[in-house]
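Throughout, read-outs are computed from the coordinates displayed, never taken from laboratory work. As the structure is a prediction and not an experimental result, all values here were calculated from the model. Glycine gets a Cβ as well: all are built from the backbone with ideal geometry, and neighbour counts include every protein chain shown.
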Amino acid sequence: MRVIIAGGGIGGLTAALALHARGYRVSVFEAVKEVRPLGVGINLLPHAVAELAKLDLLETLNRSGVQTKDLSYYNKFGQLIWREPRGLEAGYPYPQFSIHRGRLQMLLLKTVRARLGTQAVITGRQLLSWREVSGGGVEAVFRDRHTGTDHRETAALMVGADGIHSAIRAILYPEEGVPVWNGAVLWRATSIARPFLSGRSMIMAGHQDQKFVCYPIGSPAEEQGHALINWIAELRTDGRDLAEREDWNRPGRIEDFLPPFRSWRFDWLDVPELIRSAQAIYEYPMVDRDPLPRWTFGPVTLLGDAAHPMYPIGSNGASQAILDAACLARCLAEAGDTPSSALQAYEAERRPKTGQIVETNRRNGPDEVMQIVEDRAPDGFEDLDAVISRDELEAIAARYKQVAGFDLSSVR
Ligand SMILES: Cc1cc2nc3c(=O)[nH]c(=O)nc-3n(C[C@H](O)[C@H](O)[C@H](O)COP(=O)(O)OP(=O)(O)OC[C@H]3O[C@@H](n4cnc5c(N)ncnc54)[C@H](O)[C@@H]3O)c2cc1C
């Protein structure tokens, strides 16, 4: 059975590997003419890493990313609110990885080409439309962006893994329009800098109107004792409508966001120094889309950001796309000769879960603790217990892990 995948991002390429491992013939059509290692850091949570490990990618991930050791929340004065171990340190059977998104995409692409053949991923092919074929299956039209000509491809199924601006989603939901913006802007970058805390720590500081997130995504270069550190500075504006379509590669300007962070010089991290040492800065609005009532239409379904774009809170964007891919392959294998029922089973499992994450992230997800502390102690605190109890902190962290499906007992 042939499956075509529109979109060769993290979700589409993982789906190709997972479907191939179950014996399906897969072709990926990717719109960009040449896949380049774009983006900055992302995180892979242990349940997503478990799926990549089943695809024999653990060793490669170990060479390419950093095993995140702990996650800490601080207030805007750098006072510690909460720290929890992550990945293996927390007792999970698999690590959590912090990794460069582009590097992850390139390693998935290389693996797909090595296992499925060099023709399994065709670049410069943009999905334009499709129709259901009588008797079953789909015929899709892709524009060859090198020549401008259109090509028809037929398959039993098509997976729309074409990201937040999914053409497939736009055809299914023509009224939907642009993503929904919450007014916050993210400036994302990497810096070569001194490691901080454990050297494998992920931190968040501030509150919902001004936040700084950072974590290493590359091991320290021994001779310099430096690490490749990914960071995100976030500020809320009073904007409500996007002036122009968001773009992962739009350059950002340091003067637009550095001033409010100038005083954030903590004894464990010098935020303005890290910002000033950025290699390149990208500006991106905090956008998502409303959860959909339906992903599957005949032989076509959605996956990853095409299905459920979410705020980059709680490290879930790439992880949930990988879980979708694994679930889709499993449902197809279990359904045998009835691929359409497999798509229904896939959607029944994944759509409610990912919709709940989208909604939870709109309420700040696990980062909620920072806002609670900001509301109750805007001038800082001497005794954290008087501001927020250990039980409350534990409950918030545990609740989010349950929603996102990576509570320890589920992953074990
Ligand atoms: C260039 C880029 C940079 C990113 N950088 C970051 C980052 O720094 N941090 C972060 O958290 N997330 C980033 N993301 C988003 C992140 O990759 C996703 O949120 C997550 O990994 C889910 O992956 P996905 O495969 O669903 O979507 P994506 O990784 O966005 O992949 C979608 C793919 O579909 C392709 N595509 C789009 N339209 C069509 C079409 N009509 N036909 C065929 N192919 C099409 C796109 O070119 C892209 O390769 C980035 C995405 C992109 C495309």
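Within the set of other residues whose C-beta is less than 11 Å from the C-beta of Ile217, count the net charge using Lys and Arg as +1 and Asp and Glu as -1. Walk me through the numbers on the way to the answer.
On the way: positive: Arg101, Arg103, Arg200; negative: none.
With Lys, Arg at +1 and Asp, Glu at -1, the neighbours total +3.
Calculate how steeply helix 101-116 sits against the longest principal axis of the alpha-carbon atoms of the chain, using the helix alpha-carbon long axis, and give the answer as 0 to 90 degrees to the nearest 10.
Computed tilt is about 30 degrees.
If you fit an axis through the alpha-carbon atoms of helix 317-335 and take the longest principal axis of the Cα set of the chain, what angle between them do you get, 0 to 90°, nearest 10?
It works out to around 30 degrees.
With n ≥ 4 as the cut-off for DSSP H runs, can you work out [θ] at 222 nm for the chain, using -39500 (n - 2.57) per run divided by the number of residues, rounded to the nearest 500? Present the calculation step by step, with values, prior to reporting the outcome.
Values: 12 runs with 131 residues, N = 412.
Helix-only estimate at 222 nm: -9500 deg cm²/dmol.
So for each of 184-196, 133-145 I average, over its residues, the number of other beta carbons within 10 Å; can you give me the resulting order with the highest mean first?
Working: 184-196: 19.8, 133-145: 15.2.
Order by mean packing, descending: 184-196, 133-145.
Let me know the number of lysine pairs in the chain closer than 26 Å at the Cα, not counting same-chain pairs under 8 apart.
Total qualifying Lys-Lys pairs in the chain comes to 11.
Taking R0 as 60 Å, what's the FRET efficiency between Ser263 and Glu176 from their Cβ-Cβ distance, rounded to 0.05? Intermediate results must be reported in sequence, preceding the final value.
On the way: r = 41 Å, r/R0 = 0.69.
That pair, Ser263 with Glu176, gives E of 0.90.
Return Trp231, Trp181, Trp82, Trp268 ranked ascending by Cβ neighbour count within 10 Å, so the fewest neighbours appear first.
Ordered from fewest to most neighbouring Cβ atoms within 10 Å, Trp231, Trp181, Trp82, Trp268 come out as Trp268, Trp181, Trp82, Trp231.
Taking 0.36 nm per intervening residue step and subtracting the Cα-Cα distance, what contour gain separates Ala114 from Ser410 on full extension?
Full extension from Ala114 to Ser410 adds 103.3 nm.
What whole-number distance in Å separates the alpha-carbon centres of region 140-159 and region 51-72?
34
Give, as a single signed number, the net charge of other residues whose beta carbon lies under 14 Å from the beta carbon of Asp407, with Lys and Arg counted +1 and Asp and Glu -1. Before the final figure, lay out the partial values.
Numbers: positive: Arg86, Lys353, Arg399, Lys401, Arg412; negative: Glu84, Glu394.
That sum, taken over residues with Cβ under 14 Å, equals +3.
So what's the angle, to the nearest 10 degrees on a 0 to 90 scale, between helix 10-21 and the longest Cα principal axis of the chain?
It works out to around 50 degrees.
With labels modelled as points extended 7 Å from the Cα through the Cβ direction, what inter-label distance (nm, one decimal) is found for Arg2 paired with Gln402?
Label at Arg2, label at Gln402, 4.7 nm between them.
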